[in-house]
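Asker: What follows is a structure written as structure tokens; I'll ask about it next.
The values are calculated or read from the model by the stated rules, or taken from the named source; none is laboratory data. The model shown is predicted, which means the values in this text are computed figures rather than measured ones. For neighbour counting, all protein chains shown are included, and Cβ atoms are generated from backbone atoms with ideal geometry for every residue, glycine included. Surface accessibility is based on the protein's heavy atoms, side chains included, excluding ligands, DNA and RNA. Shrake-Rupley method; radii C 1.70, N 1.55, O 1.52, S 1.80 Å.
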Amino acid sequence: MLRVDGIRLRPGENEAALLQKTARRLHVAAEEIRELHLVRRSIDAREGVSVVCSVQVSLAQEGKVLRRSTDSRIQRVKRERYCLPAPLATPPETPPVVIGAGPAGLFCTLVLAMAGAKPILLERGRPVEQRQKDVEAFWRTGRLNTASNVQFGEGGAGAFSDGKLNTGTRDLCHRWILGKLVEFGAPESILVDAKPHAGTDRLHIALVNLRKTLLRLGADIRFGCQMTDLLIKDGALWGLEMTEPEGTHQLQADHVVLSPGHSARDTVEMLHSRGVPLAPKPFAVGVRIEHLQREIDAAQYGEYAGHPALPVSSYTLSRHVSGGRTVFSFCVCPGGQVVASASEEGRLVTNGMSRYARDGENINGGLLVNVTPEDFGGNGPLAGIAFQRELEAAAFRLGGGDFTAPCQLVGDFLARRPSVSLGRIRPTYRPGVRCTDLRRCLPPFITDALAEALPALDRRLRGFACPDAVLTAVESRSSAPVRILRDEGRQSAVRGLYPCGEGAGYAGGILSAAADGIHTAEQVLEDLR
């Protein structure tokens, strides 16, 4: 099997053109190619617009083709697959417990269940069907359910996002994860797109089917069940305290995977009080910026804007600014909406979301500034949480105290004047926005960095600093501000506790969190043996 990279198609060219161009690259007749599989597809809009493809092909004389080729974009590949751990001979007497039904917890539970471990999965929030109703009610009325929201519930924070599945890390199990998501109902395009996205709507379908699979494999899933304390003896875990609507009780457990998500602040505070080692961690904060999708398409695609063979455009931008900081785009949601993502009363949080079709009028993305523990204004591992809460409370007050979000037009922000009305771009945030001056809720080092970066980013992407573009505050949950320390065996200093996923500080998105959950499951199974 040979892999051929960098084959360029014009928008609208079909599979026949891909076959012919692959054959020319290999210097063979098209008829000599026995099999051709598209394995990667991306859009290059730097000079014109091209669809750039990577394919795997099977030929009769692959060795001969390789020997005469000097093209580094042609190489021999082996079909490597992730291999699941061997099943246990018998289920453990005390089943392993997984806390948190985000990507890490769900895929950890899946691997444990497939190995016959009969795991218990605890999730403080609700199943995705009920959770979606709770979130819609919050967006419509401004009444927050602190147990079921954009942060808490089946699927974790990623269940209300763009469903982006790209990652900067390489891992054999990534392909296995994507394949499972497709099996559960995610679109097949995630298997080939360089920037795969499932969309919130298709991700919810996959979550329901994943849950059905876990139950069929013998997993015990308990929603509305929050772990509120660790039961420790001689430095080792022997059980958990759990709080449910019916009351509080104890559960015996000596292998516990903790995948709490990046917003489980009360859980982190409890861990700190129990002496579980934690460390502060850098993250990023800022705003969501919102443009008209058609204008970003025009800037990116030029004459090809609106071409039916092209997806709506996205962007990836960054700029180093004074003081050694970086301003960068994050979680860009083409055709999407800015969403209310609070999990605590009196604190306002924004994020972005889009459906698989990405057919909304606007595109939004996080515009963030990196922050370090030196910026938190406090000591100890919980200082980052306090910093987040301070920003979120300031945004809540500035918006009027009812989860209306403070916003400002880019033109007004750069001119250092409050916004009093909106322009051409209609904000998508619900329950609604209030025009104001964002310098009243963000610290100067954040607003100064944004103001310095915007004109420079506009030179990279024409119209990015459009005066009518809308900035909405505050984006504060880009990643966890704390790392729950673990050793090479993936255990905390409290033996039997396995921190994992984005909320524990070991991942940066849906795919990498799911992979961390899988590798933690492998370790738990090894320890159970």
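Asker: Could you work out the relative contact order of region 65-180, using alpha carbon pairs under 8 angstrom and six or more residues apart, expressed as a whole percent?
Answerer: Relative contact order here is 25 percent.
Asker: Based on the Cβ-Cβ distance from residue 424 to residue 170, what FRET efficiency comes out when R0 is 45 Å, to the nearest 0.05?
Answerer: Working from the Cβ atoms, E equals 0.60.
Asker: Here is a follow-up. Per-residue HN-Hα couplings for region 205-212, Karplus 6.51 cos²θ - 1.76 cosθ + 1.60 at θ = phi - 60°, whole Hz, x for Gly and Pro?
Answerer: Once θ is set to phi - 60°, the couplings for region 205-212 become 4, 4, 5, 4, 6, 5, 4, 4 Hz.
Asker: OK, next. Please work out the Cα convex hull volume for region 319-473 and give it in Å³ per residue.
Answerer: Expressed per residue, the convex hull around the Cα atoms of region 319-473 is 118 Å³.
Asker: Antiparallel as a % of all DSSP beta bridges within region 268-385, to the nearest 5?
Answerer: Taking every DSSP beta bridge with both residues in region 268-385, the antiparallel ones total about 100 percent.
Asker: Excluding same-chain pairs closer than 8 in sequence, count the lysine pairs in the chain whose Cα atoms lie under 25 Å apart.
Answerer: 17
Asker: Another one. Where in region 114-198 are there trypsin sites (Lys or Arg not before Pro) that are in a DSSP coil and have at most 15 other Cβ atoms within 10 angstrom of their Cβ?
Answerer: Counting only loop positions with at most 15 other Cβ atoms within 10 Å, the trypsin sites (Lys or Arg not before Pro) in region 114-198 are 143, 170.
Asker: Turning to a different aspect of this structure: Mean 1/r over all different Cα pairs, inverted: what Kirkwood radius does region 210-311 give, in Å?
Answerer: Final number for the Kirkwood radius of region 210-311 is 18.6 Å.
Asker: What's the local net charge at residue 506, with K and R +1, D and E -1, over the other residues with C-beta under 11 Å away?
Answerer: Residues close to residue 506 contribute a combined charge of +2.
Asker: Then there is this: What is the spin-label model distance, in nm, from residue 34 to residue 79 if the labels are put 7 Å beyond Cα along the C-beta direction?
Answerer: The two pseudo-label positions are separated by 1.1 nm.
Asker: Which length gain, in nm to one decimal place, applies between residue 462 and residue 274 when the Cα-Cα distance is subtracted from 0.36 nm times their residue separation?
Answerer: 62.5 nm
Asker: Please turn the phi angles of region 293-301 into ³J(HN,Hα) values with the Karplus equation 6.51 cos²θ - 1.76 cosθ + 1.60 (θ = phi - 60°), one per residue in order, whole Hz, x for glycine and proline.
Answerer: Karplus values, whole Hz, x for Gly and Pro: 4, 5, 6, 5, 4, 5, 5, 7, 9.
Asker: Taking H placed 1.01 Å from N in the peptide plane, check which residues at least 5 places from residue 350 or on another chain put their amide H under 5 Å from its amide H.
Answerer: 341, 474, 475, 476
Asker: Could you tell me the calculated FRET efficiency between residue 252 and residue 130, based on Cβ-Cβ distance and R0 = 22 angstrom, to the nearest 0.05?
Answerer: So the FRET efficiency works out to roughly 0.15.
Asker: How large is ³J(HN,Hα) for each residue in region 32-41, as worked out from phi by the Karplus curve 6.51 cos²θ - 1.76 cosθ + 1.60 (θ = phi - 60°), to whole Hz, x for Gly and Pro?
Answerer: Rounded to whole hertz, the list is 7, 7, 6, 9, 9, 10, 6, 10, 7, 9.
Asker: Another one. Could you give the length gained by full extension between residue 143 and residue 88, i.e. 0.36 nm per residue of separation minus their alpha carbon distance, to one decimal place?
Answerer: Result for the pair: 15.2 nm of gain on full extension.
Asker: At R0 = 35 Å, how high is the FRET efficiency between residue 64 and residue 42 if r is their beta carbon distance? Nearest 0.05 is fine.
Answerer: Calculated transfer efficiency: 0.70.
Asker: Only bridges with both residues in the chain count here: give the DSSP antiparallel percent, nearest 5.
Answerer: Rounded to the nearest five, the antiparallel share is 80 percent.
Asker: Report the extension gain between residue 397 and residue 374 in nm, rounded to one decimal, defined as 0.36 nm multiplied by the number of residues separating them, less their alpha carbon distance.
Answerer: 5.7 nm
Asker: May I pose another question? With every protein chain left in place, what is the accessible area per residue of region 138-233 in square angstrom, probe 1.4 Å?
Answerer: Roughly 40 Å² per residue, with all protein chains present.
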